[in-house]
Every structure is written in structure tokens, then in C-alpha cells.
Amino acid sequence: MISLTPTAKSERILVFDTTLRDGEQSPGATMTLEEKLRIAEMLDNMRVDVIEAGYPAASKAEYAAVHAIAKQTKDAVVCGLSRATREDIDRCAEAIKPAKHGRISTFISTSPIHMKWKLQMEEEQVHELVVAQVKRARTHTDDVEWSGEDATRSDHDFLCRCIEAAINAGATTINLPDTVGYSTPEEYAAMVRMAQERVPNSHKVRFSVHCHNDLGMAVSNSLAGIHAGARQVECTINGIGERAGNASLEEIVMAIKVRDDVLPYWTNIETQMLARASKLVSEVTSFPVQYNKAIVGRNAFAHEAGIHQDGILKNAQTYEIMKPESVGAEHTSLVMGKHSGRHAFARKAQELGYRHSEATLEHAFVQFKALADQKKHISDDDIRSLVAAALARQ
Ligand code: KIV
Ligand code: ZN
């Protein structure tokens, strides 16, 4: 079991990465065994606490991947997902057997719409399955997570009855997914708080948040849930996942790190590995990372506006709230374009190895501005030509 060692100031949040399970459920993101092993190794080295390796009952290949990840993983808990059936749970237990620390995560829908249309079950049947599935999982491991799928659209009385049943049956983590990304931060926090207040023995388990991004609020909702008492966050690299994706690991981890003044928590993640992790997942899935993606997008530490470039050259903190090195990004880049100013232009010319007088620089800068009005991308070669031409005039 993972130990929680809160410091005087802050509490640890366990990072549960589901890139290989919920992330792989993104249409078009299917990964080979070899690719999954590479990502799992990277996650383990990055000190993710729990790797959700897959859904063993889904297929032979899925079983083989979870089994192989369980075998290779050194530190992280390796988790497999299973539906509310004895067969799924037993298959999952087999798959995670080689793991040093293995977890079974089992789920069933608790919302009226899912119970009526998907499960075609009454509340009492679902409640019985919660007890049976958690008890069965506990025969295999003492680390069992239970999720009430579509928790955010569930009736609170029924959800609390199911959570209580799961705890009494032996669940050690209770996960409350916002399966369809429907919640808002205040509402999600209220649900997480309500569950802890109302369910007897809730202090004996760890609450977990699992948010989808359909309204673009997955990260905010996750942080709100943490504020309300959850101590595990489920997320994916680059935020990949079903439909609009899951909460993004890199955004949650860096929000906690950068804003520890208002988010008094810590994670064990080696943040310098975030850029590399993002690149690997993007390459493997062939899903490009949007340029302006927080933390890992290629523009996350790029500046084009002259006023910003000037500020950055004087003190990077004027326009950067974290160091690029802290997430493993190469360095701050000053992008040369029509918004750029003299200072950045002079710095660029210097970086390219030119020594020039003020007059030469001024001439080259005027030419640069004229070119930048016509061209979207100004390359280093463009700058070289402009400065060389200005020098030749001397
Ligand atoms: O979003 C969700 O509800 C899930 C569960 C299976 C945990 O991914
Ligand atoms: Zn999910």
C-alpha cells in the first residue's frame, strides 16, 4: 500500500494515470503492446503512483498488455479495470498477478439514466452487485477501488448507499467519476464533500476524482474535488481520453506545484519529465498536441509580442509563471514576427553570432519589420540575410 506522508504544510495527492486505459479509449488511440510498455516504463520513472494499465477482460491483447506491464513495473501500483462481473474481476486479478503492488478497479453505473438504459437494472440489483463485486475483488488483493460510474448524475441518497456498501465490502479507494464531463467545480466539490460527510466510515478510505472534459472543466473540477478532500486524482498525459478527453496530468501536477500557496498539496511526480512524456504519448497515438496547450504545447514558453519579449529579456518572471526546465521544455523561445521589438531582434542577431553597430541594427530592424508584415514565419535564415545585408551596406 502507498503511504501518505503529509508534511506540516501540505498533503500528498496520489496521481493515478489512466493514459493506457481511458486514454486508449480515445477513438484512434489504440496502442501496441510494445508502445504500452514504453509508456508504462516512462510513467513509472516519472513516479506516477498508480498506472491503470488497461481492461484485461476486453480482449486477449489487452490482457497481455496488463500482464506485461504488471511484470515490468518497479514502483507504481499496477491497476486493471473490470466491470461488475465475477469473470471480469477474476480475469483482472490474473492479469495483475505479477505486479509488486496490484489493484483491481471495479465499477458500475449508479445514475438513473445509466441504470435504466445501459444496465437495465433496478437500484437494488446494482446495490447487490456493488457488494458482490468488491467482495470478490478483495479475495484477490487488499487494494480495491470502486467507482460509481456517472456519479455526478446520480441520486445522492443512492450513491451514498452504494459507497457505504463498497466500503463495508472492503473497498480501499472510492472513485467518483464525472463520466460525461457534466459537472462544474462548485457542484463537483459539493458532491465529494457530501459523500465524505454522509457515508459512515468514509474516513477509512481514500476518495478519488476522475473528470472528463466535455465542457472543458476536467482540470478545474479535479482540483475542486481535491480541495473537497479527495486524495487521489485520475488523469491522462495530454488529457487524452473518451470524447473530449480526461483531466490532463501535466496541468493538474503543475497547478499544484506552481500554486502551492492556494493549493496546499504535493505530488511525487518528476515534473522535468512532463514534456518528454507528452511527446511520447503524442508520437505513439499520432495525436498532435495543440500549440497553445498548457504546460506542454509548443507555444507554452514562446513569446512574440515585443512588450512581452522585452519583459522576458529583463526578467523571465514578467511573463512566465514557471521555468521551462521545470517541465523539461527546452527553453523560452522568442518567436520573431511582426509583433517583435528591437530588443528581441538584437538578441536574436547576437545569438546567431552577429556583432553590429546600432546603425546596422536599426537598418536591419526596419527591413525585418517590413518582411514580417508580409510573412507569417520569420526564420533564422531570414534574420541572417537581413543582418548580412545591413552589414554589407556599411
Ligand atoms: O469515466 C468513467 O466513469 C470511467 C470509469 C470506468 C472509472 O472511466
Ligand atoms: Zn473515464
### Message
Please verify whether residue 26 is buried (at least 18 other Cβ atoms within 10 Å of the Cβ), within 16 Å of ligand 2 (Cβ to nearest atom) and at pLDDT below 95, treating the condition exactly as stated.
### Response
yes
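Identify, please: which residue in segment 203-246 is among the acidic types (Asp, Glu) and open to solvent by 20 Å² or more (accessible area, probe 1.4 Å) and is, among those, modelled with the lowest pLDDT?
Just the residues of segment 203-246 that are among the acidic types (Asp, Glu), to begin with: 214, 234, 242.
Checking which are open to solvent by 20 Å² or more (accessible area, probe 1.4 Å) leaves us with 214, 242.
Values: 214: 98, 242: 94.
Among those that are among the acidic types (Asp, Glu) and open to solvent by 20 Å² or more (accessible area, probe 1.4 Å), it is 242.
Hey, which of the helices (runs of 4 or more DSSP H) in segment 275-381, taking only ones fully inside, have at least 1 residues that are within 27 Å of residue 239 (Cβ to Cβ)?
Values: elements: 306-314, 342-351, 358-374.
The qualifying helices (runs of 4 or more DSSP H) are 306-314.
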### Message
of a type outside the set (D, E, K, R) and at pLDDT below 95: is that true of residue 54 in this structure?
### Response
no
### Message
Scan segment 189-201 and tell me whether some residue there is within 14 Å of ligand 2 (Cβ to nearest atom), open to solvent by less than 50 Å² (accessible area, probe 1.4 Å) and of a type outside the set (Lys, Arg).
### Response
no
### Yes/no for residue 95 being open to solvent by 50 Å² or more (accessible area, probe 1.4 Å) and either touching a helix residue (DSSP H, G or I) at 6+ places or on another chain (Cβ under 8 Å) or more than 16 Å from ligand 2 (Cβ to nearest atom) (or both)
no
### Message
For the condition closer than 18 Å to residue 258 by Cα, assigned by TED's automatic domain parsing to the domain that holds residue 245 and either of a type in the set (A, V, I, L, M, F, W, C) or buried (at least 18 other Cβ atoms within 10 Å of the Cβ) (or both), what is the one hit in 275, 316, 329?
### Response
275
### Query
Within segment 12-21, which residues are more than 16 Å from ligand 1 (Cβ to nearest atom) and assigned to a loop (DSSP other than H, G, I, E, B)?
13
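Got a sec? Which of 87, 62, 122 is on the phi < 0 side of the Ramachandran plot, open to solvent by 20 Å² or more (accessible area, probe 1.4 Å) and within 27 Å of the chain's Cα centre (by Cα)?
On the way: 87 fails: within 27 Å of the chain's Cα centre (by Cα); 122 fails: within 27 Å of the chain's Cα centre (by Cα).
Exactly one residue qualifies, and that residue is 62.
Which count do you get for residues in segment 170-188 that are of a type in the set (A, V, I, L, M, F, W, C) and open to solvent by 10 Å² or more (accessible area, probe 1.4 Å)?
Filtering segment 170-188 for residues of a type in the set (A, V, I, L, M, F, W, C) gives 171, 174, 176, 180.
Next cut, open to solvent by 10 Å² or more (accessible area, probe 1.4 Å) only: 180.
Selection size over segment 170-188: 1.
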### Query
Name the pairs whose Cβ atoms lie under 9 Å apart, with the first residue in segment 181-202 and closer than 16 Å to residue 231 by Cβ, the second open to solvent by 30 Å² or more (accessible area, probe 1.4 Å) and of a type in the set (Lys, Arg), and 6 or more positions between them or separate chains?
199/161
### Message
Can you find a residue that is over 22 Å from the mean Cα position of the chain (by Cα), part of a helix (DSSP H, G or I) and over 20 Å from residue 124 (Cα atoms) anywhere in segment 176-187?
### Response
no
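Would segment 146-159 turn up any residue that is farther than 22 Å from residue 223 by Cα, in contact with a helix residue (DSSP H, G or I) (Cβ under 6 Å, 6 or more places away or on another chain), crowded, with 22+ Cβ neighbours inside 10 Å and of a type in the set (A, V, I, L, M, F, W, C)?
Quick first cut of segment 146-159, residues farther than 22 Å from residue 223 by Cα only: 155, 157-158.
Subset that is in contact with a helix residue (DSSP H, G or I) (Cβ under 6 Å, 6 or more places away or on another chain): 158.
Remaining after also requiring crowded, with 22+ Cβ neighbours inside 10 Å: none.
No, segment 146-159 has no match at all.
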### Task
Name every residue in segment 112-153 that is within 14 Å of ligand 1 (Cβ to nearest atom) and among the basic types (Lys, Arg), in order of residue number.
118, 153
### Query
Does residue 252 satisfy the condition of being surrounded by 21 or more Cβ atoms within 10 Å (Cβ to Cβ), modelled with pLDDT of 95 or more and more than 16 Å from ligand 2 (Cβ to nearest atom)?
no
### Summary
For segment 243-273 the number of residues that are under 15 Å from the mean Cα position of the chain (by Cα) and in a helix (DSSP H, G or I) is 12
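The values are calculated or read from the model by the stated rules, or taken from the named source; none is laboratory data. This is a predicted model, so every value here is computed, not measured. Positions of Cβ are generated from backbone atoms using ideal geometry, with glycine treated the same way; all protein chains shown enter the neighbour counts. When the accessible area is computed, the model is the full protein with side chains, heavy atoms only, and any ligands, DNA or RNA have been set aside. Shrake-Rupley method; radii C 1.70, N 1.55, O 1.52, S 1.80 Å.
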